[in-house]
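Engineer: Structure incoming, see below.
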Amino acid sequence: MTEADIRALVRTIPDYPKPGIMFRDITTLLGDAMGLTACIEQLAAPYREVQVDAVAGIEARGFILGGAVADRLGCGFVPIRKKGKLPGKAVGQDYELEYGVDVIEIHEDGITSGERVLLVDDLIATGGTAAAAVKLLRKLNAEIVAAAFVIDLPDLAGRKRVEALGVECHTLIEFEGD
Ligand code: AMP
């Protein structure tokens, strides 16, 4: 499946969740059997011959893709969740939103020190969420192999923000604007 094929399966919903936002809805892509397989295969492809000890996925769409990528790579999956959702002892990282701050968490025993981790989410926009996830994983002394996303919104420069933290980004398709 080509980049154009994957792109055509993403549905754009204008003005969601608020006016001015073009929401890139991947439910249509995930709901297509070939689209789903292509995403999983292409997200995992660069890391097949590389040591990856765990895939960390960001709530919630990163769980769907991250779990499948972990299966492809033959490693385990570790969830990064919104504050207060994990049942065990967790470590957190805050990050700024347009209005206020949010916190993401990971189980403190989710990653063993030195483990090589691939971070997965559906989309990178400003990179605020992914940058917080990188910092969170580093609190557990993870070695981050890369961060992989289906969609990049290059106008919001999230990729540059994550790469400035020394983490390589792998993305499948791009959309202009925000
Ligand atoms: P950011 O922290 O700005 O990189 O935002 C990334 C997170 O917000 C991802 O988990 C996305 O699912 C979601 N997100 C941000 N912008 C959009 C958009 N235009 N369409 C769909 N999801 C978005």
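Engineer: Could you tell me how far the Cα centroid of the stretch 70-105 sits from the Cα centroid of the stretch 13-50, in Å?
Structural biologist: 20
Engineer: Assigning unit charges at the beta carbon (Lys, Arg +1; Asp, Glu -1) and nothing else, what dipole magnitude in debye, to the nearest 20, does the chain show about its Cα centre? Don't skip to the answer; put the middle values down first.
Structural biologist: Details: 19 positive and 28 negative charges, 87 e Å.
In total the dipole reaches around 420 debye.
Engineer: Using 16 Å as the cut-off for backbone N distance, which residues of the stretch 60-78 belong to the label zone defined by a point 7 Å from the Cα of residue 112 along Cα→Cβ?
Structural biologist: Answer for the stretch 60-78: 75-78.
Engineer: How would the chain be classified by its alpha-carbon gyration tensor: rounded, prolate or oblate, with rounded meaning a/c under 1.5 and the a/b versus b/c comparison settling the rest?
Structural biologist: Working: a/c = 1.67, a/b = 1.20, b/c = 1.39.
Verdict is oblate for the chain.
Engineer: Same structure again: Considering only protein heavy atoms, what per residue accessible area in square angstrom results for the chain with a 1.4 angstrom probe?
Structural biologist: Numbers: 8760 Å² over 178 residues.
Value returned for the chain: 49 Å² of accessible area per residue.
Engineer: In whole Hz, with x marking every Gly and Pro, tabulate ³J(HN,Hα) for the stretch 41-50 from phi via Karplus 6.51 cos²θ - 1.76 cosθ + 1.60, θ = phi - 60°.
Structural biologist: Each residue of the stretch 41-50 in turn: 5, 6, 5, 7, 3, x, 10, 5, 9, 10 Hz.
Engineer: Then there is this: Give the total of Lys-Lys pairs in the chain with Cα-Cα distances below 23 Å; include a pair only if its members are 8 or more places apart or on different chains.
Structural biologist: Pairs that pass both the separation and distance tests number 11.
Engineer: 222 nm [θ] for the chain, helices only, -39500 (n - 2.57) per DSSP H run of 4+, per residue, to 500?
Structural biologist: -8500 deg cm²/dmol
Engineer: Give the range of the longest stretch in the chain that excludes all trypsin sites (Lys or Arg not before Pro) found in loop regions by DSSP and having at most 15 other beta-carbon atoms within 10 Å.
Structural biologist: On the way: sites that count: 48, 83, 85, 89.
In the chain, the maximal stretch lacking such sites is 90-178.
Engineer: Continuing with the same structure: If each Cα of the stretch 102-178 is one equal point scatterer, what is log10 of I(q)/I(0) from the Debye formula at q = 0.12, 0.15 Å⁻¹?
Structural biologist: Listed by q, the Debye log ratios stand at -0.31, -0.48.
Engineer: Within the chain, which is the longest segment that contains none of the GluC sites (Glu not before Pro) sitting in a DSSP loop with at most 14 other Cβ atoms within 10 Å? Don't jump to the answer; show the numbers that get you there.
Structural biologist: Values: sites that count: 49, 98, 108, 168, 176.
Between the exposed loop sites, the longest stretch runs 109-167.
Engineer: Let me ask something additional. Collect residues whose amide H, placed 1.01 Å from N in the peptide plane, falls under 5 Å from the amide H of residue 170; neighbours closer than 5 in sequence don't count.
Structural biologist: 147, 148, 149
Engineer: For the chain, which whole-number percentage of the solvent-accessible area (1.4 Å probe, protein heavy atoms only) is attributable to carbon and sulfur atoms? Write down the numbers at each step before the final one.
Structural biologist: Working: 4310 of 8760 Å².
Ligands and nucleic acids excluded, carbon and sulfur give 49 percent.
The values are calculated or read from the model by the stated rules, or taken from the named source; none is laboratory data. As the structure is a prediction and not an experimental result, all values here were calculated from the model. Quick reminder, even Gly has a Cβ in these numbers, built from the backbone with ideal geometry, and neighbours come from all protein chains shown. Heads up: the accessible areas ignore ligands, DNA and RNA and are worked out on the full protein's heavy atoms, side chains in. Shrake-Rupley method; radii C 1.70, N 1.55, O 1.52, S 1.80 Å.
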